[in-house]
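A short reminder: the numbers here are calculations on the coordinates, not readings from a lab. Keep in mind the model is a prediction, meaning the values are calculated, not measured. When we count neighbours, we look across all protein chains shown, and the Cβ atoms used for this are built from the backbone with ideal geometry, even at glycine.
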Amino acid sequence: MKALVKAKPEPGLWLETVPEPTHGSGEVLIKIKKTAICGTDLHIYNWDAWSRKTIKTPMVIGHEFVGKVVAVGKGVKNFKPGQRVSGEGHITCGTCRNCRAGKRHLCIDTHGVGVNRIGCFTEFLVIPEINVYPIPPCIDDEVGAIMDPYGNAAHTALSFDLVGEDVLITGAGPIGIMAAAMARKIGARHVVVTDVNDYRLNLAKKLGATRTVKVGREDLQDIQKELGMKEGFDVGMEMSGVPSALDQMMENMNHGGKIAMLGIFADKPVLNTDLLIFKSLTLKGIYGREMFETWYKMINLLQSGLDIAPIITHRFPVDEFQKGFDVMNSGQSGKVILDWSK
Ligand code: NAD
Ligand code: ZN
């Protein structure tokens, strides 16, 4: 079968032929229809420091997908061939304290699809039954393919009460933008999104940010005045992974403000502990999606009218994957879909 492989320890990806996987008991074999390119895939494509220490080549990468069940292993009860599904890309141990307590997102031994084990940028994928998630008919294939990053946005946005609150999101990448859309849907008052990239700020506006801020050109203190805010933001979502963005967020929070941190920092920030302590801020780290509470809520929110489809800006057949990675690297895109059915 065709697969996008990190075949060599150098920048790039290669479309190669690899053996079809076999499924064992408790596992589900999925025929991949559409996949989406994640920032993580881009890191692996570019072969940055994180990828060099994490990825063992050769590795089929990718973890954002929608497809159809083609076969199930012995003991699989909840899926049958023909069903349309996506899946949770974090494969958890099932035996650690948190797994046994039903808090799988806190597993101490998580393996990532397309990072530590064969990924979904291929024609067939095998994952354990518990990781498979059904996609209802009202969700189309493209949105079905971005459940994973949408789930990151949902996990972050649902961490703190947003009803009637003023929200600051630093980083208008696809995840920050989907979080902005969700914050509006849930009932936040102001949803202010910052970035350095105009294309992305425009996309954030399209999906529901009430005010976008170009970092370096506008000052958040002035924006607060413009919006009639007197005390600072109630909830922050750090979605850029840039130290100065975290500083800026902490400076602009109200006392008692709550910050959910999803962005992964290449350069480690120096935490302003004076702001943390004297403002009595709460910082919460977010990893992946809650299994499977986030999945329930994010799908129900789509069914209640949240529209995240405009975050998808580009589509390519998989043979043109290079164009997809190029546009992601340019910063002039939202989510990029690769189609495996063509
Ligand atoms: P992305 O890289 O597409 O988006 C980050 C955005 O931050 C970009 O648009 C960039 O222009 C912007 N940015 C750069 N400097 C900035 C600044 N000073 N202020 C504000 N914005 C700035 O990433 P994404 O796919 O949307 O993911 C968001 C972040 O979450 C990334 O850091 C990613 O690595 C991380 N992530 C974490 C998890 C997790 O489980 N914790 C999962 C997926 C992604
Ligand atoms: Zn575990």
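When only the Cβ of Lys, Arg, Asp and Glu is charged (+1, +1, -1, -1), the dipole of the stretch 156-285 relative to its Cα centre reaches about 440 debye.
Suppose every K and R has +1 on its Cβ and every D and E has -1 on its Cβ; what is the size of the dipole of the stretch 72-211 about the Cα centre, in Debye to the nearest 20? All intermediate terms of the calculation are to be shown ahead of the outcome.
Values: 16 positive and 13 negative charges, 80 e Å.
With Lys and Arg at +1 and Asp and Glu at -1, about 380 debye.
Farthest towards the positive end of the charge dipole of the chain, among the residues VAL318, GLY82, LEU42, is the Cα of GLY82, using unit charges on the Cβ of Lys, Arg, Asp and Glu. Averaged over residues, the count of other Cβ atoms within 10 Å places the peptides 247-253, 49-55 in the sequence 247-253, 49-55, highest first.
If I build a Gaussian network model for the chain, linking alpha-carbon pairs within less than 10 angstrom, which residue out of TYR133, TYR45, TYR296 has the largest mean-square fluctuation? Comparing TYR133, TYR45, TYR296 in a Gaussian network model of the chain, the most mobile one is TYR296. Directionally averaged projected area (the stretch 156-285, Cα convex hull): 6.9 nm². Net charge in the neighbourhood of PHE316 (other residues with Cβ under 9 Å of its Cβ; Lys, Arg +1, Asp, Glu -1) is -1.
When only the Cβ of Lys, Arg, Asp and Glu is charged (+1, +1, -1, -1), the dipole of the chain relative to its Cα centre reaches about 860 debye.
Around SER244, under 15 Å between beta carbons, what's the net of Lys plus Arg minus Asp minus Glu among the other residues? Provide the component values of the computation, followed by the final result.
Values: positive: LYS214, ARG217, LYS268; negative: ASP195, GLU218, ASP219, GLU238, ASP247, GLU251, ASP267.
Summing Lys and Arg as +1 and Asp and Glu as -1 gives -4.
The residue among ALA154, MET249, PRO128 whose Cα reaches farthest toward the positive pole of the charge dipole of the chain, with charges on the beta-carbon of Lys, Arg, Asp and Glu, is PRO128.
For the stretch 156-285, the relative contact order works out to 24 percent when only alpha carbon pairs closer than 8 Å and six or more residues apart are counted. When the chain is treated as a Gaussian network with alpha carbon springs shorter than 10 Å, the biggest mean-square fluctuation among CYS99, CYS38, CYS138 belongs to CYS138.
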